[in-house]
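FYI, it's all coordinate maths here, none of it is from the lab. Please read all numbers here as calculations on a predicted model, not as lab measurements. Note: ideal-geometry Cβ built from the backbone for every residue, glycine included; neighbour counts use all protein chains shown.
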Number of protein chains: 2
Amino acid sequence: MKTAITPTRAENFNEWYQNLIVAADLAENAPVRGCMTIKPYGWAIWELMRDEMDRRIKAAGVLNANFPLLIPIDFFNREAEHVAGFAKEAAVVTHYRLKMIDGMLQPDPESKLNEPYIIRPTSETIIGEAMSRWVQSYRDLPLKLNQWVNVMRWEMRPRMFLRTSEFNWQEGHNVFATHEEANADARKMHKLYGDYMRDVLAIPSIRGEKTPEERFAGADHTYTLEHIMQDGKALQAGTSHDLGQHFAKSFGIQYLGADGKLQHAWTTSWGTSTRMMGSLFMVHSDDDGLVLPPMVAPYQVVVIPIARDDDTAALNAAADALGDKLRLNGIRVMVDTTDMRGADKMWKWIKRGVPLRVEIGARELADGTVTVTRRDLGKVSKQTISIDDFVASAGQMLRTIQDDMYQAAASRNEKMIQSVADLAELETKLSRGEIGFFRIKYDQTLNDAFDALQETYKISRRCLDDADPAYVFVAKSY
Amino acid sequence: MKTAITPTRAENFNEWYQNLIVAADLAENAPVRGCMTIKPYGWAIWELMRDEMDRRIKAAGVLNANFPLLIPIDFFNREAEHVAGFAKEAAVVTHYRLKMIDGMLQPDPESKLNEPYIIRPTSETIIGEAMSRWVQSYRDLPLKLNQWVNVMRWEMRPRMFLRTSEFNWQEGHNVFATHEEANADARKMHKLYGDYMRDVLAIPSIRGEKTPEERFAGADHTYTLEHIMQDGKALQAGTSHDLGQHFAKSFGIQYLGADGKLQHAWTTSWGTSTRMMGSLFMVHSDDDGLVLPPMVAPYQVVVIPIARDDDTAALNAAADALGDKLRLNGIRVMVDTTDMRGADKMWKWIKRGVPLRVEIGARELADGTVTVTRRDLGKVSKQTISIDDFVASAGQMLRTIQDDMYQAAASRNEKMIQSVADLAELETKLSRGEIGFFRIKYDQTLNDAFDALQETYKISRRCLDDADPAYVFVAKSY
């Protein structure tokens with residue numbers, strides 16, 4: 001059977017992913033090393049994802065703000081683990097002017113900064129410095145802040161949406177009076193993320209704590225959301241960190257308690273990024289292109305008039321009328337009345353993953369019907385129903401698609417997770433090319449033999465099993 | 001009379017502005033040269049401004065996308081006027097790694113980039129490069145793109161919101177087949193901006209074309225929106241540029257016409273930024289603090305229970321109930337039940353410019369009334385009305401405030417504009433300390449005597465008079 005994307009997932013998953021992005025017109029590599037340009041269709045998906053996440057973050061009592069892009073090296077240098085984690089991928093601003101020298105536009109030596117800045121890889125430091133001034137008394141706590149910004153981590157092996165030198169994200173930074181509150185909040189945001197991924201992206205997450213080896217640079221606890229791609233690899237889709245007093249001590253975030261004593265506060269940070277889009281695309285899509293859950297589909301329904309002879313005007317009018325009715329019900333609709341051939345329009349919107357595809361041809365027009373196909377199920381779901389029934393049931397059909405897509409991903413996840421008794425069994429399975437998540441006793445991974453497996457098979461500890469933290473999930477990853 | 005902000009506007013407008021920003025908790029100078037941190041209350045205003053602008057831009061058929069932060073110097077260098085305009089304020093990224101050298105964290109010499117990047121001061125170049133690939137045929141036109149991003153122009157004399165090295169903005173970039181379409185579109189977006197400023201920000205704009213001396217670097221025509229501050233100075237609040245074929249030729253943006261001929265396209269760009277917030281604050285605010293038009297007020301109504309003795313619980317409950325009723329009518333409400341003194345709460349929200357202030361004390365609670373005061377009019381507007389009447393009329397009261405604030409600004413503008421016959425009269429008025437916009441024959445400004453006046457009095461040509469482009473408006477400016 002001919003597919004819209006070649007190679008197929010089974011043939012070459014990585015190449016399929018690159019071609020999927022082109023076929024759905026989501027993004028392209030930018031002429032800036034490691035960076036991408038997110039094209040309008042991709043950005044429209046991100047806006048839907050972002051706006052819903054933003055609503056949920058605000059509902060959690062968090063206030064948005066905006067901190068500077070540049071971070072003084074001195075700030076960055078104050079927390080030792082943090083520096084160790086990010087110094088090797090920091091873009092550095094050293095001059096503030098260009099000058100034509102020897103016929104070439106170059107940094108003006110006279111504009112060299114005494115103290116260079118780095119472009120934020122994350123903002124714990126610059127926000128920590130602000131918090132040290134904003135927090136004075138226990139009355140100022142908790143303080144919960146978030147920002148939607150771009151960050152930069154110089155990437156040697158970039159992949160669109162998964163790893164790019166610049167990416168867009170939200171980063172939340174909260175301060176509390178006690179460790180209990182901070183840790184509870186880190187877990188709360190972890191849950192918020194997992195629920196969002198389930199309800200909005202239709203993606204089940206493996207939710208658990210990172211092992212000490214895999215924590216965020218400067219955290220006491222890192223809680224992660226791990227997604228399983230169709231090729232069995234893990235994708236870390238979001239993290240929430242209990243930072244203990246690392247940053248409170250480095251930046252002097254102190255408060256006067258109700259007891260009159262000055263003490264260090266406790267902070268958390270939590271973030272999700274455009275990386276989630278990579279997961280969204282790799283979890284749901286198929287060999288014909290993107291498959292979008294209705295909640296984040298820029299168009300939830302596409303209406304395609306299939307003209308034969310001289311019926312174009314009548315069919316376009318019927319399609320427009322249907323579009324208007326659906327929009328009144330709050331559905332996002334594309335009515336494609338361009339002069340492409342019907343089959344070409346169909347493929348265009350299949351590749352772009354529109355959840356419901358509606359065809360109106362001469363027969364439908366005469367009968368007052370439409371032919372409706374679900375993108376997630378394809379041809380088997382094709383049905384011809386009356387226009388009125390479709391208008392009345394489209395909202396429910398979209399909710400069903402959303403649920404079914406989650407269930408499909410969850411069922412696949414189940415098959416992708418297996419337990420192994422020890423490293424020997426793990427190695428046997430890996431050497432046979434088995435894919436997915438392997439659940440193993442954490443203490444088994446604390447020796448050289450595991451390090452050797454990591455090296456050979458490019459696996460890593462993804463997170464501890466929330467149900468029993470003596471176990472850890474191990475997998476290859478993006 | 002004691003005012004919340006000292007000095008007053010009349011005493012020292014610039015200092016008043018700085019203190020206003022502190023009093024209303026909008027922003028602060030960041031520990032990064034020339035940059036600011038926008039605090040939650042300021043950012044909430046920006047989100048309202050941004051979201052409404054975004055709706056209007058999308059309604060104009062524009063698609064949002066996202067282009068890289070960094071621009072290769074080579075791109076930047078392709079349009080000569082553009083380079084001349086921005087090279088002197090470009091932040092330059094020269095390294096991609098930090099390293100501890102002699103005990104100091106420094107740019108790693110081994111990570112030096114062969115081709116440095118600049119942080120975008122604006123994105124005509126990087127978007128032009130993309131357009132040269134995205135536009136192939138006349139069928140691809142018009143192409144209308146926008147992005148909401150941060151940009152950087154190194155600023156030697158920063159002032160919060162007005163001039164900061166980093167700022168947030170939207171930049172639109174459109175491509176057309178013909179010059180007529182491009183120019184019409186530049187004017188259309190200019191009108192969209194002016195209407196937005198009138199309807200949303202309640203600010204009247206002087207709308208006109210920049211003289212050739214004041215154009216954007218690389219534009220054939222620049223259309224500007226000039227606002228008049230309360231001290232008579234101009235603030236450029238938005239611009240729309242007809243870029244002719246400057247960027248189309250520099251980046252090879254060509255299309256195959258319906259006639260089968262390959263030809264260069266015509267581009268426009270148009271932008272508004274957080275700078276508009278500076279105008280919003282300086283146009284409407286008074287000596288007691290911020291005065292916000294309801295459309296961009298994070299809280300349109302603040303409900304303040306004024307407790308005396310043991311009635312706190314009953315008053316708080318009544319205040320909460322009123323808040324809920326107003327919210328059901330789509331009004332953004334703050335119910336301030338914190339344990340501050342009533343007078344302190346009042347001043348807090350006066351300084352933050354909430355359009356309607358509602359007090360509920362023991363007498364109101366007994367009578368089923370509330371005492372309502374408009375922020376823009378102050379005490380003279382204070383009235384006690386029944387809760388039901390207030391709930392029923394609050395929406396209309398807010399619309400009236402919005403309209404009245406526009407009218408007040410428009411009336412002041414009228415008094416701030418005067419015509420002068422020649423340079424001698426202009427100099428006389430300037431030397432007497434007269435403030436505002438001076439309308440003068442444009443050709444009068446094309447000689448050395450005007451240059452001397454510019455230098456002495458820090459005036460500049462703001463824009464040509466749309467009603468008669470033989471005249472130009474001249475003013476001091478931010």
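Results, tabulated for the structure shown:
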item	result
Solvent-free Debye scattering, log10 I(q)/I(0), computed from the Cα coordinates of the range A:294-413 at q = 0.23 Å⁻¹	-1.44
The range B:420-476 - convex hull of alpha carbons, volume per residue in Å³	66 Å³
Inverse mean reciprocal Cα-Cα distance (Kirkwood Rh) of the protein assembly as shown, Å	30.7 Å
Global size of the range B:92-220 as Cα Rg and Dmax, reported in angstrom	19.9, 61
A:ARG139 paired with B:ALA470, simple spin-label distance in nm, labels 7 Å along Cα-to-beta-carbon	6.6 nm
Shielding by partners - mean other protein chain Cβ count within 10 Å, residues of B:107-114	3
C-alpha long axis of helix B:124-134 to longest principal axis of chain B, angle in °	70 degrees
At 7 Å out from Cα toward Cβ: B:ARG157 inter-copy label distances (nm, ascending)	5.2
Pseudo-label separations to other copies for B:ARG139 - Cα-to-Cβ vector, 7 Å, nm	6.7
Whole-number percent relative contact order across the range B:420-476, with pairs defined as alpha carbons under 8 Å at least 6 apart	37 percent
Long-range HN-HN contacts of A:TYR471 with modeled amide H, under 5 Å	A:TYR442, A:ASP465
A:ARG163/A:GLN396 FRET efficiency (R0 45 Å; Cβ-Cβ; nearest 0.05)	0.70
Entries of B:LYS58/B:LYS351; B:LYS210/B:LYS351; A:LYS345/B:LYS144; A:LYS325/A:LYS345; A:LYS2/B:LYS58; A:LYS441/A:LYS476 with Cα pairs more than 26 Å apart	B:LYS58/B:LYS351; B:LYS210/B:LYS351; A:LYS2/B:LYS58
FRET efficiency, A:ASN29 to B:ASP54 (Cβ-Cβ, R0 35 Å, nearest 0.05)	0.85
Relative contact order of chain B, pairs being alpha-carbon contacts under 8 Å that are 6 or more residues apart, as %	14 percent
Residues A:GLU81 and A:ASP448, FRET efficiency given R0 of 22 Å [Cβ-Cβ distance, rounded to 0.05]	0.40
Residue among B:PHE450, B:ASN413, B:SER460 farthest towards the positive dipole end of the range B:409-469, charges placed on Cβ	B:ASN413
Distances in nm from A:ALA421 to the matching label points in the other copies, shortest first (labels 7 Å along Cα to Cβ)	10.8
Charge dipole magnitude, Cβ of K and R +1, D and E -1 - chain A, Cα centre, debye nearest 20	280 debye
Amide hydrogen neighbours beyond the local backbone of A:ARG159, cut-off 5 Å, H modeled	A:THR164
Whole-Hz couplings from phi, Karplus 6.51/-1.76/1.60, listed for the range A:27-34; x for Gly and Pro	6, 8, 5, 8, x, 10, 3, x
In degrees, nearest ten, helix B:342-351 long axis to first principal axis of chain B (Cα)	20 degrees
Net charge over other residues, Cβ less than 10 angstrom from the Cβ of A:ALA87 (K, R count +1; D, E count -1)	+1
Cβ-based charge dipole, the range B:13-284, positive-most Cα from B:ALA186, B:LEU225, B:ASN64	B:ASN64
Karplus-derived HN-Hα couplings along the range B:172-189 (A = 6.51, B = -1.76, C = 1.60, θ = phi - 60°), whole Hz, x at Gly and Pro	x, 9, 10, 10, 9, 7, 10, 5, 4, 4, 5, 5, 4, 5, 4, 6, 5, 5
Point-charge dipole on Cβ atoms (K/R +1, D/E -1) for the protein assembly as shown, about Cα centre, debye to 20	80 debye
Built amide H within the under 5 Å cut-off of B:ARG375, gap 5+	B:LEU356, B:ARG357
Within the range A:294-413: Cβ-based charge dipole about Cα centre, in debye rounded to nearest 20 (Lys, Arg +1; Asp, Glu -1)	620 debye
Angle between chain B longest axis and helix B:40-59 axis [Cα atoms, degrees, rounded to 10]	60 degrees
Note, ³J(HN,Hα) from phi for the range B:98-114, Karplus 6.51, -1.76, 1.60, rounded to Hz, x at Gly and Pro	10, 8, 7, 10, 6, x, 10, 6, 9, x, 6, x, 6, 9, 5, 7, 4
